[in-house]
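The values are calculated or read from the model by the stated rules, or taken from the named source; none is laboratory data. None of these values were measured; they are calculated from a predicted model. Cβ atoms come from the backbone with ideal geometry, glycine included; neighbour counts cover every protein chain shown.
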Amino acid sequence: MPRARPPSPSCASNTCPLSFVNAPFRGIPGGALPLPACRLVYNVIVTKKHAEAAYITDNAGLKALCEQLRDHERLAVDTEFMGEDSFHPRLEIIQVAAGDVAAIIDHQAVTELDRFFDLLVDARIHKIVHAGRQDLEIFSVLSGSVPAPIFDTQVAAAMVGYGPQVGYAQLVQQVVGIALDKSETFTNWAQRPLTPQQIAYALEDVR
């Protein structure tokens, strides 16, 4: 069954009423948010396209993926890592999606990520994360550069009344009524091969 999509917010000239969100804009008279921010939240959370996914395990695949991603204005990014047995988190996979492109980059197989890191610092491409501090720290350590520009949906959600540090699954449930499967939250991302359940879970965080 196709997923139901809420109606696009009806915008006045400079503000947009919170007709598509289930929580009030706290501290904003009349429950309205400046139009650019309202559209960003709607576009990022609601209007993601369904994407066919690729599993990248070599440099040729990464090159082809980066060429596809370079043409997009927004790039959803997430990581899965292991850190219980080390001082620094150990990157295992990178999930990325833009438009109808989605992929998992297996860092155990692809260690030369310069092409991807170039996208993370491309000023033309907005990188979308959720609670992305650790993801950005990992990228900064590995590449020597801080990804930018960044749009963090957790920060945006806090600004429009969802409270501090709302989880991604909770936010998606509240905004679009879709329940994400979080059963793989504490899975072993270092194991290979990854299970279909792990792959599906990882991709849901960027689709």
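Only a single item in (1) in contact with a Pro (Cβ under 7 Å, 6 or more places away or on another chain); (2) modelled with pLDDT of 95 or more; (3) small (Gly, Ala, Ser) is not met by ALA109, and it is number (1). Annotation: of all residues in region 102-118 being touching a residue at least 60 places away in the same chain (Cβ under 8 Å) and closer than 25 Å to VAL155 by Cα, the one that is surrounded by the fewest Cβ atoms within 10 Å (Cβ to Cβ) is ALA102.
Which one of VAL141, VAL121 is surrounded by fewer than 22 Cβ atoms within 10 Å (Cβ to Cβ), farther than 16 Å from ALA64 by Cα and free of Cβ contacts under 8 Å to residues at least 40 places away in the same chain?
On the way: VAL141 fails: free of Cβ contacts under 8 Å to residues at least 40 places away in the same chain.
Just one listed residue meets the conditions, VAL121.
One residue is enough: does region 179-200 have a residue meeting the conditions touching a Ser or Thr at 6+ places or on another chain (Cβ under 6 Å) and either under 25 Å from ALA54 (Cα atoms) or surrounded by fewer than 20 Cβ atoms within 10 Å (Cβ to Cβ) (or both)? For region 179-200, residues touching a Ser or Thr at 6+ places or on another chain (Cβ under 6 Å) and either under 25 Å from ALA54 (Cα atoms) or surrounded by fewer than 20 Cβ atoms within 10 Å (Cβ to Cβ) (or both): present.
Yes or no, residue by residue, for (1) on the phi < 0 side of the Ramachandran plot; (2) at pLDDT below 65; (3) not β-branched (Val, Ile, Thr):
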| position | (1), (2), (3) |
| --- | --- |
| PRO24 | yes, yes, yes |
| LEU33 | yes, yes, yes |
| GLU52 | yes, no, yes |
| THR57 | yes, no, no |
| ALA60 | yes, no, yes |
| PHE81 | yes, no, yes |
| ILE104 | yes, no, no |
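Does region 189-196 include one or more residues that are modelled with pLDDT under 95 and within 17 Å of the chain's Cα centre (by Cα)? The answer is no, given that none of the residues of region 189-196 is modelled with pLDDT under 95 and within 17 Å of the chain's Cα centre (by Cα).
Return yes when ALA109 is within 23 Å of ARG70 (Cα to Cα) and over 17 Å from the mean Cα position of the chain (by Cα) and no when it is not. Criteria met by ALA109. Taken over region 96-136, residues that are assigned to a strand (DSSP E or B) and small (Gly, Ala, Ser) amount to 4.
Restricting to region 146-169, name every residue that is farther than 18 Å from ALA76 by Cα and among the polar types (S, T, N, Q). Lay out the reasoning, then the answer.
As a first pass, look at region 146-169 and keep what is farther than 18 Å from ALA76 by Cα: 158-165.
Selection gives GLN165 alone.
Going residue by residue through region 163-170, is there one that turns out to be surrounded by 15 or more Cβ atoms within 10 Å (Cβ to Cβ), under 19 Å from LEU62 (Cα atoms) and aliphatic (A, V, I, L, M)? For region 163-170, residues surrounded by 15 or more Cβ atoms within 10 Å (Cβ to Cβ), under 19 Å from LEU62 (Cα atoms) and aliphatic (A, V, I, L, M): absent. For region 148-185, a residue qualifies if it is in contact (Cβ under 8 Å) with a residue 40 or more places away in the chain, in a loop (DSSP other than H, G, I, E, B) and either in contact with a His (Cβ under 7 Å, 6 or more places away or on another chain) or closer than 19 Å to VAL206 by Cβ (or both), and exactly one does: ILE178.
For region 84-101, the condition of being farther than 25 Å from GLN170 by Cα, in contact with a Leu (Cβ under 6 Å, 6 or more places away or on another chain) and either at pLDDT below 95 or buried (at least 19 other Cβ atoms within 10 Å of the Cβ) (or both) holds for none of the residues.
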